[in-house]
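**Student:** Let me begin by handing over the structure; questions about it come next.
The values are calculated or read from the model by the stated rules, or taken from the named source; none is laboratory data. Note that this is a predicted model, so its numbers are computed, not measured. In this analysis, Cβ positions are derived from the backbone assuming ideal geometry, glycine residues included, and neighbour counts consider all displayed protein chains.
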Amino acid sequence: MEMTIILILLNLLMIIIASLWASKKSGIADVLFYLIGGLIAVNLHLLTPESPTIEIFSFIGTIFLFFYLGLEENLQGFTEGIKKGWKIAVAGVILPFSAIYFTEYTLSHDIIKSIVFAMAFAPTSIGIAFLTLNTLSFSAKNKLQPIIVAAALTDDVLSLILWGVLGGILVSLHTSTSTGISLNTILILGSEPVSHFLIFMTYMGLIAYLFFHFRPTVSLTQQNALLKLLNKTKKSIYTHAGAINFLGKQEHNTAIVFMLFLAFLGSFIAEYLGTSVALGAYFMGLIINKEHFDVIPSMQSKNDNFHSSVEKLRFLTLYFFAPIFFISIGLHMEIASLNLLFEVLAQAFLLAGVLFIIQFIAAAFTAKYINHLPWHSSALIGIAMQGRAEVTFLVGMAALSMDLISQADLLLISLSAFILNLSVPFLLKYAAHYHEAKDQSAII
């Protein structure tokens, strides 16, 4: 048992090392090579996605990645990103869903399978865009990254809620002998994921307010009796158990432990309330900021403490846990036979091509004509929104376990997503260089 675990970890680390080397030599984002490494490993029978060790490390990688993503963001930037990104997200769910549904229905004439495919390809991967952007440097990055992250996150939330509704309906249709399903049943199925998300956001808001000491304006507090009561309660709770006591009074190694505790606590709350663990980790990271380290008298010490903690989390995330998560995505690309590969390959390129075009139109044109961003910024957003990973595979594997699709269908979803994911590091790199050139020429 111990030897097996050690061998698995050695194989994973070899893929990570090889990917980092290949990324450095080629100048292409390392996430591409993690995906390829997983693809090669599963087909050489070096690793399997069913391994409990890989499943655990991949799950932890999801939490680390989204928590670090939240730490890299701030509430003001996230709020501004949501204001600009929600329209991109809505368009990025509706248009790809419709396009993939009609494309798959034309190919298979299977309504249930077509809805599953459409649902799997509606959500955008935050992780792939983030890790790729992390390797790039251009002047507008700090302006565009919050929009991309907020749009992708909103996209994922909408998709998770939609899957909560449609997944239950599809199972009911699949197992029912009748041909229809009542409006009352649809409303019941739909109310559950929506209410879970709203309850989760309420919990996270209370934690942020009481624990992290968010400060409402004086006028707002005076006008609202509930806020006045919460403000008094908050002061008492925060004095004894606020974020500064857990983070600001600790040397940075201990602070990291507390930060990880908060990340897993947010994930636990999200899972308990029936939503995504990734959202819990992300929002917990989002509400931690430099202010929670300001108990240290020296401003320089405060910043060093915060940045040292984040830097160590960055290393663990970007060079160990997140790579394992993306390797595990490649592991779902096991090809049982060449005949099966040739059968699904043409369909995979067709689905990926349709999705790429529609997703680009949805994101880029919304950014250009509704958010009024420059065309070169809109095009970069359109490319960054192409990744398909976390929620796509969640939907695909959930649908397989519900007996809504076959193993061959899951391979088709995986292969189509893989093709899209391969395109992101290449195209985003050139889009960033083009964006920087346009900005420089505008300055001159």
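**Student:** In region 55-105, which residue that is of a type in the set (Ser, Thr, Tyr) and in contact with a Gly (Cβ under 9 Å, 6 or more places away or on another chain) is farthest from residue 163 (Cα to Cα)?
**Tutor:** So the residue we want is 68.
**Student:** Do we find a residue being among the β-branched types (Val, Ile, Thr) and under 26 Å from residue 427 (Cβ atoms) anywhere in region 65-81?
**Tutor:** no
**Student:** Suppose we filter region 8-57 for residues that are under 28 Å from residue 338 (Cα atoms), assigned to a helix (DSSP H, G or I) and modelled with pLDDT of 85 or more; how many remain?
**Tutor:** 22
**Student:** Within region 1-40, count every residue that is buried (at least 17 other Cβ atoms within 10 Å of the Cβ) and among the charged types (D, E, K, R).
**Tutor:** The number of residues fulfilling the criteria is 1.
**Student:** Taking region 373-414, which residues are more than 20 Å from residue 138 (Cβ to Cβ) and in a loop (DSSP other than H, G, I, E, B)?
**Tutor:** Scanning region 373-414 gives 388, 389, 402, 403, 404, 405, 406.
Per-residue answers, yes or no, for (1) surrounded by 15 or more Cβ atoms within 10 Å (Cβ to Cβ); (2) touching a residue at least 24 places away in the same chain (Cβ under 8 Å):
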{"site": "347", "(1), (2)": "yes, yes"}
{"site": "368", "(1), (2)": "yes, no"}
{"site": "376", "(1), (2)": "yes, yes"}
{"site": "386", "(1), (2)": "yes, yes"}
{"site": "405", "(1), (2)": "yes, yes"}
{"site": "412", "(1), (2)": "yes, yes"}
{"site": "417", "(1), (2)": "yes, yes"}
{"site": "428", "(1), (2)": "yes, yes"}
{"site": "437", "(1), (2)": "no, no"}
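**Student:** Being in contact (Cβ under 8 Å) with a residue 60 or more places away in the chain, surrounded by 19 or more Cβ atoms within 10 Å (Cβ to Cβ), over 21 Å from residue 23 (Cβ atoms) and of a type in the set (Ser, Thr, Tyr) is the filter here; which residues of region 93-149 pass it?
**Tutor:** 103, 124
**Student:** Please go through region 304-347 and pick out each residue that is outside any helix (DSSP H, G or I), more than 17 Å from residue 15 (Cα to Cα) and not hydroxyl-bearing (Ser, Thr, Tyr).
**Tutor:** Listed by number, the residues that qualify are 335, 336.
**Student:** Is there a residue being of a type in the set (Ser, Thr, Tyr), at pLDDT 75 or above and within 29 Å of residue 389 (Cα to Cα) anywhere in region 138-147?
**Tutor:** Within region 138-147, one or more residues are of a type in the set (Ser, Thr, Tyr), at pLDDT 75 or above and within 29 Å of residue 389 (Cα to Cα).
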